Structures are given as structure tokens and as C-alpha cells.
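Before any comments, here is the structure.
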Amino acid sequence: MDRFRSLKADLRDAALATSANVYSNQTHALNQRRGAYHHPTFLTHQTARKVKLIYMSDPKNRLAVALDYPDAYQAMKLVDSLGQTCQWFKVGMELYYAAGNDMIRQLRDRGFDVFLDLKLHDIPNTVAGAVRSATKAGASLLTIHASGGAAMMTAAAEAAKAPGSPRLLAVTVLTSMDAAQLAGTGITASPADQVLRLAKLARQSGIDGFVCSAEEVASVRAATGSDALLVIPGIRPTGADIGDQKRIATPTQAIAQGASMLVVGRPITQAADPGAVAENILDEIAQAEASQRK
Ligand SMILES: O=c1ccn([C@@H]2O[C@H](COP(=O)(O)O)[C@@H](O)[C@H]2O)c(=O)[nH]1
């Protein structure tokens, strides 16, 4: 019995590590050539007692830096200051509306992966078209709002079946909202219940990536499976300014709860030494990951 429990835990950890590594058709070959990330390496040792899965995952694939800047110059200044410390950059509305696809191209030309956080929320036909346009832009991840409903998410998922499409992430309840703010929009469910409801709806609509806070990640993981990509903003290293975020966690807490990838903006971008903060977060991710494997 113990043998099976241990194997199950190994498989769960391995699946978790796999889900943290997001492959897009467009960037996969390039990344492999560059060795920019290590796919989880599975070495199967058949021993008399059990099958052991050993894997390596790269913490760099579990951190996306939010480039919330008003122009490409400031964004690239931060990117360049980080050198090769980080692999994933998130381009949100502020930067995309100012710099457009050229911003994505610049990041990709430097070998980085792009998470396009546009939080699409419109009628199904319009969102499907936006997914097709974002595919041409070259992002690896793209967000839509789960509150757009099942028909909208199904249309987005259909559009994202085209080769080279980004993997879709359904944003559940924004991490800047608490129960009172949610109630103000007419939703009387707790953030935890509403997140779970929307994640299940997204899953049924063909979406297998979700954005929620660390407070809900364990229940979303349980409901959506080990292959789901759970992306968590509202990350605040100990002592960092909370700002407008409400449902927050440290990197260690988020990984321990089952996050696949963390999104961190201001704690890195507003720091006196962004590279040092990013490295500390990557260390925290590596340590949290290691203690999960114990
Ligand atoms: O629920 C959500 C969804 C997206 N975000 C985005 O993540 C970053 C967080 O930035 P910080 O500076 O670390 O707060 C930002 O780009 C948001 O648009 C989120 O915070 N919550």
C-alpha cells in the first residue's frame, strides 16, 4: 500500500512540474535549441520496491514578470536589467495598448516567452477573432475572462486549436477583489466559491489553464486536475508592499498550495535591485518545490 502511495505522490509531483512547463508550438524548438529551459527530465528507475520518477524542473518556467509599463522603452530597460535571470514576461493592457505586437516581437527576438494578459471579455465571435489575432502576435499564453461565460470560452478554445495558438488561461476572480468588492458586483458567493464555479465552467468549456489567487489554488487543482496550468498573481514576498492586491501569498505559500506559475510585477519592477528580488523569488520557488518532493 505504501509503495502505491509513494508512486502516486511521485506521479502527482511530476505532473505538477510538467504543467509548469508551458510549451507553445512556436517557441518550443527555439527554447530547446537555446536550452533556455529544462523540460522535466524523467528517469525511470525500476527497482525491486518501486518505480521512482526523478525530474528536474526549472524555476524560471514558474515565474512571469509583469511588465506593467507605459512604453516599450521602460519595459525593455527592466528586461535588460534582469539579463537572463527570468524567462517569462507578461505583457498586460497598459504596455500592449502602448507598444502592441512590436513589444511581443522584441521579447521573442531576445528568446523570452510572452504571456499576453489581455483578459478578453466580449461576445464569443469577437473573442474568437481576438484569439486568432493574438496567435499571429506570437504569445505563448493568453488570458480571457471566465465571467464571459461558457459560450465565449468555448469559442475561444475552438479558435485556440489552430497551430501556433497560445495556451488559454481563464481569469476567475481578480486577486484585487475581496468578498465585499465581489458583493458590490452582485455576486454574493465568497471569492473561493466563485473562483471554483468559474474554474469548473472554464474546464467544461475546454480551457485548462486558470488564473486565481493562492487562496483558491488547492481547490482549483483538486477540481481541474494535475495537468491544469494554475497561474497565480497577487504574489508578495515577505515584507513587500501589498498595493491594490487583496488575496495575496508569498511565493513559498503559492507553490506549496499547488501553483504552476507565479506572476510578479511591482515587487520586482519597483525594487531598487530588480534582479536580486527576482533571484530571491526563484530561490523560494526552488526551495518550495524541493520540499514538496520530500
Ligand atoms: O487576478 C489577477 C489577474 C491578473 N493580475 C495581473 O498580475 C499582475 C500583478 O502585478 P503586481 O504588481 O505583482 O500586483 C498585474 O499585471 C495584473 O494585471 C492580477 O494581479 N490579478
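The values are calculated or read from the model by the stated rules, or taken from the named source; none is laboratory data. Keep in mind that what you see is a predicted model, and the values were worked out from it rather than measured. FYI the Cβ positions are ideal-geometry reconstructions off the backbone, even for glycines, and counts take in every protein chain you see. Heads up: the accessible areas ignore ligands, DNA and RNA and are worked out on the full protein's heavy atoms, side chains in. Shrake-Rupley method; radii C 1.70, N 1.55, O 1.52, S 1.80 Å.
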**Q.** Pairs, first touching a residue at least 60 places away in the same chain (Cβ under 8 Å) in the stretch 170-182, second within 6 Å of the ligand (Cβ to nearest atom), C-beta under 8 Å, six or more apart
**A.** THR175/PRO233; THR175/GLY234; THR175/GLN245; SER176/GLY234; SER176/GLN245
Q: Output the number of the condition that HIS45 fails; it satisfies all remaining conditions of (1) over 22 Å from PRO251 (Cβ atoms); (2) at pLDDT 50 or above; (3) part of a strand (DSSP E or B).
A: (2)
Q.
Scan the stretch 51-63 and tell me whether some residue there is buried (at least 19 other Cβ atoms within 10 Å of the Cβ), in a helix (DSSP H, G or I) and at pLDDT below 50.
A. no
(Q) Of the conditions (1) of a type outside the set (A, V, I, L, M, F, W, C); (2) free of Cβ contacts under 8 Å to residues at least 60 places away in the same chain; (3) out of contact with any Lys or Arg (no Cβ under 8 Å at 6 or more places or on another chain); (4) under 25 Å from GLU94 (Cα atoms), ASP241 satisfies every one except a single condition; which number is it? (A) (3)
Q: Could you please find all residues in the stretch 75-103 being among the basic types (Lys, Arg) and open to solvent by less than 60 Å² (accessible area, probe 1.4 Å)?
A: LYS90
Q) Given the stretch 157-252, what helices (runs of 4 or more DSSP H) lie entirely inside it while holding 2 or more residues that are open to solvent by less than 40 Å² (accessible area, probe 1.4 Å) and under 29 Å from ILE123 (Cβ atoms)? A) 191-204, 217-224
Q.
If I ask for residues that are within 15 Å of the ligand (Cβ to nearest atom) and either in contact with a strand residue (DSSP E or B) (Cβ under 7 Å, 6 or more places away or on another chain) or of a type in the set (Gly, Ala, Ser) (or both), which ones from the stretch 155-178 would you list?
A. LEU168, LEU169, ALA170, VAL171, THR172, SER176
Q: May I ask you to list the residues in the stretch 138-156 that are at negative phi and either open to solvent by 10 Å² or more (accessible area, probe 1.4 Å) or assigned to a loop (DSSP other than H, G, I, E, B) (or both)?
A: ALA139, SER140, HIS145, SER147, GLY148, ALA150, ALA151, THR154, ALA155
Q) Which ones in the stretch 211-231 are more than 9 Å from the ligand (Cβ to nearest atom) and free of Cβ contacts under 8 Å to residues at least 60 places away in the same chain? A) ALA214, GLU215, GLU216, VAL217, ALA218, SER219, VAL220, ARG221, ALA222, ALA223, THR224, GLY225
